[in-house]
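Heads up: the structure comes next, in structure tokens.
Nothing in this text is a laboratory measurement; each read-out follows from the coordinates by a stated rule. Since this is a predicted model, take the numbers as computed values, not measurements. Every residue, glycine among them, receives a Cβ derived from its backbone with ideal geometry; neighbour counts consider all protein chains shown.
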Amino acid sequence: MNVVVCVKQIPDPVAPGALDPGTNTLNRSGKLIMDDSDNYGVEMALQLAGGEGDEVTLVSMAPGGETSGLRTGLAMGAAKAILISDEALAGSDALGTAKVLAAAIARANPDLIVMATESTDGYTGTLPVQVAELMGLPSVTFAKAISIEGSTIKVERQTEAGFDEVVCPMPAVVTVTAGVVEPRYPSFKGIMAAKSKPVENLTVADLGLDASQVGSAGSGQEITDVSESEARGSGEIVVDEGDGAQRVVAFLEQLKVI
Amino acid sequence: MLETDEHRLFRKTLRDLFEREIEPHVNVWESARTFPAHDLFARLAPVGIFGLEYDEAYGGMGADHSFTLIAGEEMGRISCGGIPMAMAVQMSMATPALAQYGTAELKEAYLAPAIRGECVASIAVTEPDAGSDVAGIRTRGVRDGDQWIINGSKLYVTNGTQADWLCLLARTSDQPGYQGMSLIVVPTSTDGVVVSRKLEKLGMWSSDTAELSFTDVRVPVSNTIGEIGRGFQQQMVQFQAERLITFYKQVGSIELALARTKAYLAERQAFGKPLLANQHLQFVLAELSARHDMLKHYARTTADAVMRGEDATRYATIGKLMGSRLQREVADTAVQFHGGIGYMDEHWTSRFFRDTRLDSIGAGADEVMLRILARMDGYSTE
């Protein structure tokens, strides 16, 4: 089985970059890391594609030919990667990115495409279904468990009330939630092996796309203004007057945590 | 030393690994005065940390020494000293001589499982009457056919209550001084090996430390590491690996302590302004940072020398001496600048203060480092 995992390379949240004052977009120059939320997708793909002849391919779009984040996924065990890097892609919105990823994924001819539910720097959560729509594939979101049964996948789809069981023909796009599997750590050997794993570098032209349809030129979205987020307010202190437990339960119920 | 993408990814892997597998448990392990070494080592081993520079034939990674530096720096960031010390015993204190001088059979039986995290190793050198003066050890191994019969006791054995095997230094002949000692692998399941006492310490609480006694302990002579009678010299090589990892841990621990102190002082208000607005505090921290910077670069110079195959005795000695002293000064400053909270047991500064005291004593006391340097630089009349 051939599984593609879409991997986002983001500035390290420990030392986040600033917004570009000209475009109001995140400055993505320099070293990037693999988005933590993609650890789960890579791990899930490695578990699903663990048989002989199975293969996991990473697909990523990033500026400056950046592969640092991809190397993490390769060190975990993915076989190869496709990187799309092109100055024309600067300023891409989610749909523009989806067009690029869909075209790149198609080259790998996968049986299954795994993605995170959303990235931790953009949080749109719209990309996976856009990719599925552009590729004419079914999509199943919020998977908390995936199993393969012949040419179909069986997904436990997380809902507020519990989960739905969804059966879907392959190929398909599936998004996985954080915590769905315990991601492995790249071992030293994996890290060194990743150095020599193939990364195919592609441009917009290589994908046969029109540059006017992607990047800021093709973006249907314009960031007109940005502002500081509100400072976090002080929390509510519950003084236990004998009803502390009930009040905590009521609070958690209000959050729909329990 | 050029830090590559591979170094950065290995560093991040270790930081994430320690964050998930160690940090949530540190307070519990500190209170318990021990930690589950077998369970933890099995969780840490898959990334390769226990066999970084060891032969791939025994499950080692075959890495160059620069990755040991990265590992040490990240271990230094763990929020207690006990766990990284216990890990360092497995990595760089109990196993280097075995890896360098041991037979294939011995390495297969003891080194390979240590690298895989399937067993816990300890180094047993110090005795009640022989600490810095290693030549004064009294534990004896008397040959009886193809077996050693070992009698004696060992003190301050890190991982000592949990170890599966010991790298033990014993006198195996009547030759005096540095002659006639051998390093012997002693499985702790052997009859006659007893944990006499679990020792309570000033710091390093999460790490168990033991006094062990040996009464007519029989182990095969084939458990001897390297050449019979060359144990002292082999242990000196092993001490060097211990001093290097201690030094590298200090680079990481000092960096984090300064960053955490800065963050606290920037937030803590006194007399209507952040504490960090006081020039005295700024200057003290700036000076400590400057000295840390020198230490950090010296660590890289040291790693380069090791990778070039040079004798790194001078580097290891100076690095460990200066690192231990700077770490103590930073710990003292952190407690002082935090004020009352810094003295509280619940605060990281308190643990850092008591844990860091050991580095000027263990792995060769500061005075031993100075003795080595005095000899090297011709200041000694010996």
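Values computed for the structure shown
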item: Total lysine pairs whose alpha carbons fall under 14 Å of each other in chain B (8 or more apart, or interchain); result: 4
item: Inverse of mean 1/r across different Cα pairs in the range B:84-176, Kirkwood, Å; result: 14.1
item: FRET efficiency for B:L199 and A:A193, using Cβ-Cβ distance with R0 set to 35 Å, rounded to 0.05; result: 0.20
item: Nonlocal amide H pairs with B:G102, under 5 Å, H built at 1.01 Å; result: B:G226
item: In sequence order, calculated HN-Hα J values of the range B:182-197 (Karplus, 6.51, -1.76, 1.60; Hz; x Gly/Pro); result: 9, 8, 10, 7, 10, x, 6, 7, 5, 4, x, 8, 10, 7, 6, 8
item: Whole-Å distance, taken between Cα centres, linking the range B:262-287 and the range B:177-245; result: 47
item: For A:T175, distant residues with modelled amide H under 5 Å away; result: A:M115, A:V140, A:T141, A:F142, A:A143
item: Relative contact order, percent, the range B:5-115 [alpha-carbon distance under 8 Å, six or more residues apart]; result: 29
item: Cα gyration tensor category, rounded, prolate or oblate, for the range B:117-171 with a/c compared to 1.5; result: oblate
item: Aspartates and glutamates with Cα under 15 Å of A:K195, excluding same-chain neighbours fewer than 8 positions away; result: A:E66, B:E3, B:D5, B:E6
item: The protein assembly as shown: calculated mean residue ellipticity at 222 nm from DSSP helix runs of at least 4, using -39500 (n - 2.57); result: -12000 deg cm²/dmol
item: Cα centroid separation, the range B:8-31 to the range A:26-50 (Å); result: 20
item: Full-stretch length increase - B:E23, B:E3 - with 0.36 nm per residue and alpha-carbon distance subtracted; result: 4.6 nm
item: Nonlocal amide H pairs with A:G125, under 5 Å, H built at 1.01 Å; result: A:S119
item: Highest-MSF residue in chain B out of B:S189, B:S360, B:S122 [GNM, Cα springs under 10 Å]; result: B:S189
item: Sparsely packed chymotrypsin sites (Phe, Trp or Tyr not before Pro) within the range B:235-289, loop by DSSP, other Cβ within 10 Å at most 14; result: B:F271
item: Cα-Cα P(r), the protein assembly as shown, percent of pairs per 20 Å interval; result: 17, 42, 32, 9, 0
item: Between the range A:102-122 and the range B:355-378, the Cα center-to-center distance that results, in Å; result: 56
item: Per-residue average of Cβ from other chains inside 10 Å of B:9-20; result: 4
item: Three-way shape label, the range A:88-195, alpha-carbon gyration tensor, a/c 1.5; result: rounded
item: Length released on extending from B:D146 to B:N278, taking residue separation times 0.36 nm less the Cα-Cα span; result: 40.6 nm
item: For A:185-198, mean number of other protein chain Cβ atoms within 10 Å; result: 6
item: Length-normalised contact order of the range A:2-218 in % [C-alpha pairs under 8 Å, at least 6 apart]; result: 26
item: Additional length obtainable on full extension of the chain from A:S147 to A:V167, 0.36 nm per residue less Cα span; result: 6.2 nm
item: DSSP beta bridges in chain A [antiparallel fraction, %, rounded to 5]; result: 40
item: Prolate/oblate/rounded label for chain A (Cα gyration tensor, a/c 1.5); result: oblate
